[in-house]
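Since the structure comes first, as structure tokens, the remarks are kept for the end.
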Amino acid sequence: MAEDKSKPKTLKSRKLDAKVLIIDDDEGVRAFCRQALHPLVTSVEVVESASAGMMQLSKNSFDIVVTDLQMPEMDGYSVVEQIRSRWASVEIIVMTAFPGEGVVDRLLNLGISYMLVKPISIPQLFYTIMGAWKMAELRRENESLHRVMAENPFGIVGNSEKIRQVTDEMRRVGPLDVPVLIEGESGTGKELVARGIHACSRREKGPFIAVNCAAVSPMLIESELFGHAKGAFTDARTDKTGLIEAADNGTLFLDEIGEMPLELQPKLLRVLDSGEILRVGDTKPRYADVRVIAATNRSLQEQVDASEFRSDLFYRIRGFGITLPPLHQRGADVIGLAEHFLKRYCPAGRKPLKLTPEARNVLMAHPWPGNVRELQNLAAALYAAATGDDVRAQEVMKLLGVRDAGPENEGILTYKEFKDSELARVEADYFRGLLAAFGGNVSRASEAAGMHRANLREKLNRHGLDADEFREQAKGA
């Protein structure tokens, strides 16, 4: 075997923390692997037969086994089957000088993702081992994640540092009967956190009522929350109990609280201060013992500064604050969540889809602008898109709208990409002019555009437009 003297530059000064076992009956291959890997990994052991390899695995722990496929005593297929049955956490790389379609198919059926074709260079050997080591690390993280899931009473999937901090805060604030403000981007799981807090509070046996303030018409939200008396308005034919009253002895979750009309905010503040509820059209106050958990995907402090949200209500609902991280900051949680959703949406009578290493790489590289909700929808759609039992990178990329850019397509936009980019440019110009016309006043701008204020906010965020900047420009003018 011709030895390539070039060393991988990536980890020249730092060894890969991996224990590697080489199984090959060719003395030259063993010597090459030992010499090539010794300066690059923590530990490398070489043996001349499959039985010697089994003995080493019985006595010592290894992260990765690199085995030849054709050996006299026991072939590589048998080695793979034994390792899979006895040491499932070990990653396996197969070497062969005789690759073929039948060989590849058989290895794939055995769950082998890594194959080296002889003759092998040092960079090929090292980078394949590095990929297998990363996969082993990811598997260990996922196993840890599943253990945490089993112990997690909140139903929150994840073991990253940021999500552990969130669950710790939920445990601390749950038993305390104080208002909670949950902040985070759309799709990060704010309602799931609110339900978890309710579940570990003294109110767990009481009702949990969720209201999306952005989804209810400003004309109807007062009646929905506070109820109304018979005859209060034209269609009020009977008395109606409001959602706040319905949440008595339980928890009221107000999602997108920043969209609550200013004129209604004093009534909510009174509920928080004294539990007093006044139905629309009624003069007799009622009372309810309610814990309020609020959520927002915007900065309420900025809304207070812009006189779009009452400061007294803001300080009242911010009794305890929890900030949810976007999905792209949660590392290996992405894979754990993907597997969780693939199991959840698996049709009856079918095995859950499995992610190939390449598909995992695509998931980890995606920025997830829609956060957990986007990943959840992707998992459901994969059952329609996948052609086999495994999820392949191309299927994930297609559903995410990511192109596999080959050299012949480099620099060329598809029609859809061109149309989307032009639409985004025109939209951004329109909303920029709209904000300038109304001096950054989002309420007036949304009214002129014929849009709900929450929808306009979403568009502004998507195009990176800050209403505050337009307010400052208007003041300067």
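What the table below lists for this structure:
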{"item": "Residues located in the range 92-120, provided they are within 21 Å of PRO39 (Cβ to Cβ) and buried (at least 17 other Cβ atoms within 10 Å of the Cβ)", "result": "ILE93, MET95, LEU116, ILE120"}
{"item": "Among the candidates ALA236, ALA288, ALA306, residue that is in contact (Cβ under 8 Å) with a residue 40 or more places away in the chain, within 18 Å of ASP177 (Cβ to Cβ) and small (Gly, Ala, Ser)", "result": "ALA288"}
{"item": "All positions within the range 153-194 that are among the hydrophobic types (A, V, I, L, M, F, W, C) and in contact with a helix residue (DSSP H, G or I) (Cβ under 9 Å, 6 or more places away or on another chain)", "result": "PHE154, ILE156, VAL157, ILE163, VAL166, MET170, VAL173, VAL180, LEU181, ILE182, LEU192, VAL193"}
{"item": "Selection count, the range 2-34, where residues are modelled with pLDDT under 50 and either aromatic (Phe, Trp, Tyr) or touching an Asp or Glu at 6+ places or on another chain (Cβ under 9 Å) (or both)", "result": "0"}
{"item": "Considering residues of the range 179-220 that are of a type in the set (Val, Ile, Thr) and more than 23 Å from GLU302 (Cα to Cα) only, the residue farthest from the chain's Cα centre (by Cα)", "result": "ILE209"}
{"item": "ASP312, sole failed condition from (1) in the same structural domain as SER217 (by TED's automatic domain parsing); (2) out of contact with any Pro (no Cβ under 9 Å at 6 or more places or on another chain); (3) surrounded by fewer than 16 Cβ atoms within 10 Å (Cβ to Cβ)", "result": "(2)"}
{"item": "Selection within the range 72-131 - touching a residue at least 60 places away in the same chain (Cβ under 8 Å) and β-branched (Val, Ile, Thr)", "result": "ILE120, ILE122, ILE129"}
{"item": "Residues located in the range 16-62, provided they are in contact (Cβ under 8 Å) with a residue 40 or more places away in the chain and among the hydroxyl-bearing types (Ser, Thr, Tyr)", "result": "SER61"}
{"item": "Verdict on ILE277 being β-branched (Val, Ile, Thr), in contact (Cβ under 8 Å) with a residue 12 or more places away in the chain and within 28 Å of GLY187 (Cβ to Cβ)", "result": "no"}
{"item": "Residues satisfying the stated conditions in the range 112-149, i.e. among the small types (Gly, Ala, Ser), at pLDDT 85 or above and assigned to a helix (DSSP H, G or I)", "result": "GLY131, ALA132"}
{"item": "Matching residues in the range 428-457 - criterion: being without any contact (Cβ under 8 Å) to a residue 24 or more places away in the chain and of a type outside the set (A, V, I, L, M, F, W, C)", "result": "ASP429, TYR430, GLY433, ARG444, SER446, GLU447, GLY450, ASN455"}
{"item": "Residue among GLY275, GLY319 that alone is of a type in the set (Gly, Ala, Ser) and at positive phi", "result": "GLY275"}
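The values are calculated or read from the model by the stated rules, or taken from the named source; none is laboratory data. These numbers were taken from a predicted model, which means no experiment stands behind them. All Cβ positions, glycine included, derive from the backbone under ideal geometry; neighbour counts span all protein chains shown.
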